[in-house]
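Please treat every number below as a calculation from the coordinates, not as lab data. Quick caveat, the model's predicted, so the values are computed rather than measured. Glycine gets a Cβ as well: all are built from the backbone with ideal geometry, and neighbour counts include every protein chain shown.
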Amino acid sequence: MNAFRIALNELRRLSAGTLPKLAMAALVLVPLLYASFYLYANYDPYGRLDKLPAAVYTTDAGAKDSGGAERNIGREVTDELTKSGTFQWHEVSEKDANDGVRDDKYSFAIGIPRDFSAALLSSGNFTPQQATITLSTNDSNNYLAGTIAKQVADQVRKTIQEKVGSEAADRFLVGFSTIYGKVSDAANGAQQLADGAAKLQTGQKQLADGASQLATGSGTLATGLGTLKSSTAELPSQTQKLASGAGQVADGNQKVADAASVAASASSDIQGKLDSYRTQLSTDLHNAGLTDAQANEILDRADQLRSPVDQANTKIQAANGDLAKLASGARQVSDGAQQLAAASPQLTSGIAQASDGANQLRDGAAKLNDGEKTAVTGTDQLATGATQLRDGLSAGLKQIPNPDDPTRTATANTIADPVAVTSNGVASAGTYGAGLAPFFISLATWIGAFVLFLLIRPLSTRALTAGASPIRVALGGWLSSAVLGIAQVVVLFAAVTWLVGIHIAHPLGAIGFAILVSLAFTSVVHALNAFFGAVGKFLGLVLLVLQLVSAGGTFPWQTIPDALYPLHVVLPMGYAIDGFRHLLYTGASMQILGDIGVLVAYLVGGILLSTLAARKHRVWSVSALKPELSL
């Protein structure tokens, strides 16, 4: 009797009659019922969070921002939450929210306190305070709801942080624009300063040249005035002598003029008398009986005799006028000499003072010249410094950002939220249910293998009695469960794909791997039942529990307690889950070969253990004929 015949006989036994057929069909559907319903119920719970009731309340009193505008960020956040549709939000009072969470009316509640806006805007006034959001949860209602609520609160906090941070960054960047404007004004002023310093430098050099010329000229003036002072030292005594001599001359001239005046007067008298004598002569001549011709001849002779007298009179009168003028001029000279003599001491004193002043001017001009040389050096440094200031401000101005409104807004948003996460999944499950599918398919496959042996006999008594070889008996007992196990996974995958809607990236590979998993699991459970009998069923259940906690089906297996690490490495379900993850998603790799190798090893190991059990059961004992425990 070969192994296939043994398996066929067992299947015929199970299908003999209507009730056995129904029982066998039920066994095939057990994994389907477990996995498909569970995956259907958890296919996309995050997509239905809008059915989850949540409360939000705000008592925010609002505050003024740094610009003086009134803000109520608590109201803004509340309105955004109620309009978001992420949950079934209810805006209620603080008391109703807390009572609702306690009474399971709301899954959680988010509260915004009275000083929320004031705390958020406090940084603008350099009195920073940390704003708080109150999250109320009740794990007695649902632990995962509380966990989700914490994530929501973190997201709300992050959103508010980005919003407030963006506004603060925008104000910060506006400050940069203001600084840019001020520095630009300063740069323009520095340019004007540099231009003025250059003009000052030029003017200062001209002033220095003038100061040098002044020093030279004042030195020459001081020398000349010194010479003049020496030359005029005796001027008062000399002018006094001159005044005395001029007085004497004036007196002498006056005497001469007086004598000349007397002579002129006498000459004039003579002329008058001569005129009188001529007239008398003319009368006497006519009286004497002379003719007019004779009289005129005599008168002409008399006139000829008078001519020298007339000439002398003319000269006397002219000399008298000249002497009068000479006397007057001499008197004026004398008066001027007296005035000169009186003024010469003041003149010499003024010349002396002028000489002293010229010396002081010379010394001051020399100091001015030296100072101007220093001033030229200073103006050179000022011009250089002003140029450096201008260049530095111009260079600094280029380094100060002056963004336009769109750039400033984009920059502020980036500062508030500097890191964006780009998802680059090597493999993506897509939904929560698809993410759990590898775990629940593996679990359902084990449960399917476990329930098969509620009806299937692990070893054929008839074959053992007939003396069939242990390997044939073991293979025959396993093949019947293997056939039903294959039927289980085929029906399971059909339901998961078409009814639940989970996308399988590698359908043929996934079906083939699922068949291998079923063969390995049925081999292990068959071996336990064949070798240990009724206790083997219990051991299969124990292995199920151990694999539930160590396989890493929900959380990564690295998060399980250290004591469970060996179980994860040894037991087969972890490898089944890992293989399904690679085949159901888009990240199939050569790593799956290791999973296949482990499952094949369990398959072969199960058959070997079943063979040992068959060899053991070839010898009948009292415990085999009448077992203490029968399941």
Where q = 0.17, 0.19, 0.20 Å⁻¹, what log10 of I(q)/I(0) comes from the Debye formula for the range 225-391, counting one point per Cα? -1.03, -1.11, -1.15
How much length, in nm to one decimal, is gained on full extension between Q213 and K158, taken as 0.36 nm per residue of separation minus their Cα-Cα distance? 11.9 nm
The answer for T58, listing residues at least 5 apart or on another chain whose modeled amide H is closer than 5 Å to its amide H, is I112
If you average 1/r over all unlike Cα pairs in the chain and invert the result, what Kirkwood radius do you get in angstrom? 39.6 Å
Simple spin-label model, 7 Å along Cα-to-Cβ: F555 to D370 in nm? 9.1 nm
Pairwise centroid distance, computed over Cα atoms, of the range 30-59 with the range 544-623, Å: 30 Å
Looking at the chain only, what percent of DSSP beta bridges run antiparallel? Nearest 5 please. 40 percent
Honestly the range 1-122 on the Cα gyration tensor test (a ≥ b ≥ c root eigenvalues; a/c under 1.5 rounded, otherwise a/b vs b/c for prolate or oblate) is just prolate
State whether the range 448-577 is rounded, prolate or oblate according to the following rule on the C-alpha gyration tensor (a ≥ b ≥ c being the square roots of its eigenvalues): a/c under 1.5 gives rounded; otherwise a/b larger than b/c gives prolate, and the remaining case gives oblate. oblate
Proxy exposure order for D99, D578 (fewest C-beta within 10 Å first) is D99, D578
Taking E70, E76 and counting other C-beta atoms within 10 Å, the order from fewest to most: E70, E76
Go ahead and run the numbers for FRET between D195 and K64, Cβ-Cβ distance against an R0 of 45 Å, rounding to 0.05. 0.50
Return I179, I148 ranked ascending by Cβ neighbour count within 10 Å, so the fewest neighbours appear first. I179, I148
Using per-residue counts of other Cβ atoms within 10 Å, averaged over each peptide, order 294-307, 471-484, 525-538, 604-617 from highest down. 471-484, 525-538, 604-617, 294-307
Pairs K64/K182; K105/K163; K273/K315; K105/K158; K273/K325; K229/K373: which are spaced more than 22 Å apart, C-alpha to C-alpha? K64/K182; K105/K163; K105/K158; K273/K325; K229/K373
At 24 angstrom or more along the helix axis (alpha-carbon based) and mean Kyte-Doolittle of -1.0 or higher, what helices does the chain contain? Whole DSSP H runs only. 143-231, 235-287, 292-399, 432-452, 470-494, 507-532, 534-550, 592-616
Let a ≥ b ≥ c be the square roots of the eigenvalues of the Cα gyration tensor of the range 501-615; is it rounded (a/c under 1.5), or, if not, prolate (a/b larger than b/c) or oblate? oblate
